[in-house]
Amino acid sequence: MSMADSTTMLDHINGYENYLRQLVQWCKHTSSDDPYQHLANYLSDEKIKSHHLLITLPESMANGVDNLQSKVDLKYVDIHTRLLELASSSVIETPKKNKALSAKSQDKNAQSTIHQQPNPTRVEKTVPAQGNQCSSCKSRNFPFDGHTFKAC
C-alpha cells in the first residue's frame, strides 16, 4: 500500500490502519503453530508499524521520512501526529486550484525614477570594478569611490 497523490494524509493513515488491523486479525485467527502468528506479533510492534507506515509515503516526502526515522524512540503515535501536522502545515493543492497571482500594474503615467542608462564603462560587466569602488553604487550612479560592495 502506498499513498496516492490524490489522497490526503488523514485518509492514507486511516486506510493504512484499517488494512493493518485486518491483516493482524486474520493472522491471529490462525492456529497457534502457524507462522502467521509470528507475523501478527511482528506487525503489532510499535517500531515496525511506524517504519512500515513511513515506507508507504511518496518519494516527495523523503526528507520528512528521513527526519522521522532518525528519531531514537520512534513510536507510532508520534509518527501519526507528526505526519498530520506536516500535512496540515504544507499547502498542497491540486493543479486545478493553483493559480498565478496577478501583479498590480503600475500607473502608465508614472515614470520610474530607478530606471537609468547603463554605465558605458561596465557594458555586460566585462570590465571589473577597480580599487575601492562599490559596484552596486556605481551601477545606480551613486557615489561609489572609497568603499566596496561588501561594506556598502
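The values are calculated or read from the model by the stated rules, or taken from the named source; none is laboratory data. The structure displayed is predicted, hence computed values, not measured ones. Every residue, glycine among them, receives a Cβ derived from its backbone with ideal geometry; neighbour counts consider all protein chains shown. To get the accessible areas, we keep the full protein, side chains included, count just its heavy atoms, and leave off ligands, DNA and RNA. Shrake-Rupley method; radii C 1.70, N 1.55, O 1.52, S 1.80 Å.
Quickly run through the stretch 53-75 and pick out the residues that are assigned to a helix (DSSP H, G or I) and within 15 Å of MET9 (Cα to Cα).
Listed by number, the residues that qualify are LEU53, LEU54, ILE55, GLU59, SER60, MET61, ALA62, GLY64, VAL65.
Across the stretch 29-40, what is the total count of residues that are outside any loop (DSSP other than H, G, I, E, B) and open to solvent by 100 Å² or more (accessible area, probe 1.4 Å)?
Matching residues across the stretch 29-40 total 1.
Hey, any hits in the stretch 127-135 for a residue that's modelled with pLDDT of 75 or more, more than 36 Å from the chain's Cα centre (by Cα) and at positive phi?
Scanning the stretch 127-135 turns up no residue that is modelled with pLDDT of 75 or more, more than 36 Å from the chain's Cα centre (by Cα) and at positive phi.
Within the stretch 1-28, how many residues are small (Gly, Ala, Ser), at pLDDT below 85 and either open to solvent by less than 100 Å² (accessible area, probe 1.4 Å) or touching a strand residue (DSSP E or B) at 6+ places or on another chain (Cβ under 7 Å) (or both)?
Selection size over the stretch 1-28: 2.
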